[in-house]
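A quick write-up on the structure given underneath.
Here, each number is a calculation from the coordinates, and none is a lab measurement. It should be emphasised that the depicted structure is a prediction, and the values quoted were computed from it without experimental measurement. Counting neighbours? That spans all protein chains shown, and the Cβs are built from the backbone with ideal geometry, glycine included.
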Amino acid sequence: MVEAKGVSRRFERGSAEVWAVRDITLQVQPSEVMALVGRSGSGKTTLLNILAGLDRPTEGEVYFNGARIDTMPERELTELRRHKLGFVFQSFGLLPLLSAQENVELPLRISGFRHAERTRRARKALELVGLTRRAHHRPYELSGGEQQRVAIARALTCDPVLILADEPTGELDSTTARAVFSLLRELARGEGITVITCTHDRLVMDMADRVEELADGKIVTGHQREVWEHVQALENQAARAQQAEFLTPRRGDAVNGHAAEPEVQTAEPEAPSSRWARPDG
């Protein structure tokens, strides 16, 4: 599906050279969900852009479905992005004056699709993300999760085989983030779409089929995987805390094999109601 061979990307800042990505080799299989993780500035977004054909490597080769794209003419790359790739961004990227359906149709309009075909594809994509009833609402009338689902629907209109998502849950709360990324994972499995995402979100790392960590522009393995190891350590700590809480005897539970005696509460007898009290005298 997607393959990088010895990919490096160098930027020049004045007289200095900065290697954003250095000698990366990886393969992503059809229907696989891969998460790229790492600290800010580690090279995740640069690598994502190179795999998407939005940037060209200084060194190395990039292949998509067997075709080399790093040397592909810009016109062919544009056609590839329009008809084979879908993009999802952290900030949604919806036009505020257009409805959800109109936002979803926009790439098709740019690509020259006729009105009937645009409408059919847009409605199908909105149905896939569960937003048929919100098709005519504008972005400000939608929740953050709904806006991100519109962005995913927009990415689906070209029937892509690959979706590239840059921090797709970055502006969402944990519950909405889980729902959105679950949708991406279901699309990968149900529609045969490959998903590559950049993320700092632990939830996304847990749900991905595979996690690759970058540091200083290189893919790291083993004990060098600082971010992923930290995430796993947090998960183990939480699991131990949950287990300890479960095993800790609570008041009223059996202790040393003997049932704890129930606590007996004594109460002062209530004073007789004034209604039935004998009158003095």
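Checking each residue in region 54-78 for being farther than 23 Å from V211 by Cβ and touching a Ser or Thr at 6+ places or on another chain (Cβ under 9 Å) picks out R56, T58, E59, E61. Within region 17-30, being within 18 Å of the chain's Cα centre (by Cα) and over 30 Å from L183 (Cα atoms) holds for no residue. Filtering region 161-182 to residues that are within 14 Å of the chain's Cα centre (by Cα), touching a residue at least 24 places away in the same chain (Cβ under 8 Å) and not in a loop (DSSP other than H, G, I, E, B) leaves I163, L164, A165, D166, S174, T176, A177, R178, A179, V180, F181, S182. When V33, V62 are checked against the criterion of being aliphatic (A, V, I, L, M), buried (at least 18 other Cβ atoms within 10 Å of the Cβ) and within 22 Å of the chain's Cα centre (by Cα), V33 stands alone in meeting it. Just one of the numbered conditions (1) crowded, with 16+ Cβ neighbours inside 10 Å; (2) not in a helix (DSSP H, G or I) is not true of G130: (1). Run down G53, G41, G6, G14 and say which single residue is touching a residue at least 12 places away in the same chain (Cβ under 8 Å) and either more than 26 Å from E76 (Cα to Cα) or under 23 Å from the mean Cα position of the chain (by Cα) (or both). Selected residue: G53, the only one of G53, G41, G6, G14 that is touching a residue at least 12 places away in the same chain (Cβ under 8 Å) and either more than 26 Å from E76 (Cα to Cα) or under 23 Å from the mean Cα position of the chain (by Cα) (or both). When C158 is tested against (1) in contact with a Pro (Cβ under 7 Å, 6 or more places away or on another chain); (2) assigned to a loop (DSSP other than H, G, I, E, B); (3) more than 20 Å from G192 (Cα to Cα), exactly one condition is not met: (3). In the set (1) buried (at least 16 other Cβ atoms within 10 Å of the Cβ); (2) touching an Asp or Glu at 6+ places or on another chain (Cβ under 7 Å), the condition left unmet by F181 is number (2).
Restricting attention to region 65-84, does a residue exist that is in contact (Cβ under 8 Å) with a residue 40 or more places away in the chain, hydrophobic (A, V, I, L, M, F, W, C) and crowded, with 17+ Cβ neighbours inside 10 Å? No, region 65-84 contains no residue that is in contact (Cβ under 8 Å) with a residue 40 or more places away in the chain, hydrophobic (A, V, I, L, M, F, W, C) and crowded, with 17+ Cβ neighbours inside 10 Å.
Just one of the listed residues (E117, E171, E105) is within 28 Å of T45 (Cβ to Cβ), of a type outside the set (A, V, I, L, M, F, W, C) and surrounded by fewer than 21 Cβ atoms within 10 Å (Cβ to Cβ), and it is E171.
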